[in-house]
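Note sheet for the following structure.
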Amino acid sequence: MRIELADYDAAWPELYRRERGRIAAALPEAEVEHVGSTSVPGLCAKPVVDLMLVVGDAADEASYVPALEAAGYRVVVREDDWHDHRILKGPDTNINLHVFSRGCAQVRRHRIFRDWLRDDDADRELYARAKRGLAGREWERVQDYAAAKNEVVLEILERAYLAWRLPSDDVEYVTETPRNVRITLEDYNPAWPQWYAREEARIRGALGSAVVRLEHVGSTSVPGLTAKPLIDILLVVPDSDDEDAYVPALVEAGYYLRLREHGWHEHRLLKRHEAPDVNLHVFSPVCEELDRMLVFRDRLRSHPQEREEYERTKRALASGTWDRVQDYADAKTRVVERIVLRALS
């Protein structure tokens, strides 16, 4: 098959608005957005309008599919192993409705890519050239054409993610942080999973049923990766902003609150008074950072070349002195985002 691209059509936004109205009538609380190439003025595209529907749980089809079927939609794709993604076709065949769960990192990825192309003329033109070049070939499936665009998509997304940053000045330090620090990296230590297991037992003993999810993340969770001898733990509680529901119990267990980030998913960071050194990251359930942290960990575990790429960056940066450990972490942003984006593609 060949991919038929059309010049931008000013009717596409109106088609989106019509379908959004159809979906809203079926699901009054629906969170629907226009995404994909037809959402970017001036960009050539296949004449297929992509919509993104964000629901509480995309895998729970009973909560939204019957209502959409009554409106003329039908499920055509289920990807249980990829963010529980669903695709529904509309009454018109030129409508694709992509469904993701609230808190899924794919939601932000679609938004950032769309908004960046709307604002950046050079990258919009770069993407258009790549699409036109690929559309001239024959493809077995549309998915193969989409996969071939991945290289230029990742290049553009990397620039977009680096430009898009949440405000960094909304950090409330509860306890003082060390200054002028040197980063000490160690070869992978097989004891690190045991360190995590002990902390997991301590946290579960302190919080009981308040633990929604607990995961070993960060470099010490990746076999074979050089790391600071520090155990990063991801703790999900019903509401990270409700500190009274979990902080006192964790203090009793030997932790203390280091910082609050109200503007970044209400993130809380707790530390341990005693060895081993621990960073306990606390988030609420519907938070895309959970998805990103786990995707990053799993990608490094399964892709040795990217693990080596990350390690080279870490070793190069560790040779300097940093005002704060967070500054070292921020300096790794480019390679981290690159790896996360590959994992999300």
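Observations on the structure shown:
- Residue match in segment 245-267 (condition: modelled with pLDDT of 95 or more and under 27 Å from ALA316 (Cα atoms)): no
- Close pairs from segment 267-289: first farther than 24 Å from ALA191 by Cα, partner at pLDDT below 90, Cβ under 9 Å, at least 6 apart: GLU289/TRP264
- Conditions (1) out of contact with any Lys or Arg (no Cβ under 9 Å at 6 or more places or on another chain); (2) within 27 Å of ARG102 (Cβ to Cβ); (3) of a type in the set (Lys, Arg): number failed by ARG301: (1)
- Selection of segment 248-270 for residues being open to solvent by less than 20 Å² (accessible area, probe 1.4 Å) and out of contact with any His (no Cβ under 9 Å at 6 or more places or on another chain) yields LEU250, LEU257.
- Scanning segment 57-70 for residues that are open to solvent by 60 Å² or more (accessible area, probe 1.4 Å), touching a residue at least 24 places away in the same chain (Cβ under 8 Å) and not in a helix (DSSP H, G or I) returns a single hit, ASP57.
- Count - residues of segment 17-44 that are open to solvent by less than 40 Å² (accessible area, probe 1.4 Å), more than 17 Å from LEU68 (Cα to Cα) and either small (Gly, Ala, Ser) or assigned to a helix (DSSP H, G or I) (or both): 4
- Filter pass, ARG17 being touching a Phe, Trp or Tyr at 6+ places or on another chain (Cβ under 8 Å) and more than 30 Å from ARG292 (Cα to Cα): no
- When GLU140, GLU158, GLU151 are checked against the criterion of being over 19 Å from SER39 (Cα atoms) and either part of a loop (DSSP other than H, G, I, E, B) or of a type in the set (Phe, Trp, Tyr) (or both), a single residue qualifies: GLU140.
- Restricting ARG198, ARG129, ARG108 to those that are surrounded by 16 or more Cβ atoms within 10 Å (Cβ to Cβ) and in a helix (DSSP H, G or I) reduces the list to ARG108.
- Among (1) of a type in the set (Val, Ile, Thr); (2) at pLDDT below 95; (3) in contact with a strand residue (DSSP E or B) (Cβ under 7 Å, 6 or more places away or on another chain), the one test that VAL99 misses: (2)
The values are calculated or read from the model by the stated rules, or taken from the named source; none is laboratory data. Because the structure is a prediction, the values reported are computed rather than measured. For neighbour counting, all protein chains shown are included, and Cβ atoms are generated from backbone atoms with ideal geometry for every residue, glycine included. For accessibility, only protein heavy atoms count, side chains too; no ligands or nucleic acids. Shrake-Rupley method; radii C 1.70, N 1.55, O 1.52, S 1.80 Å.
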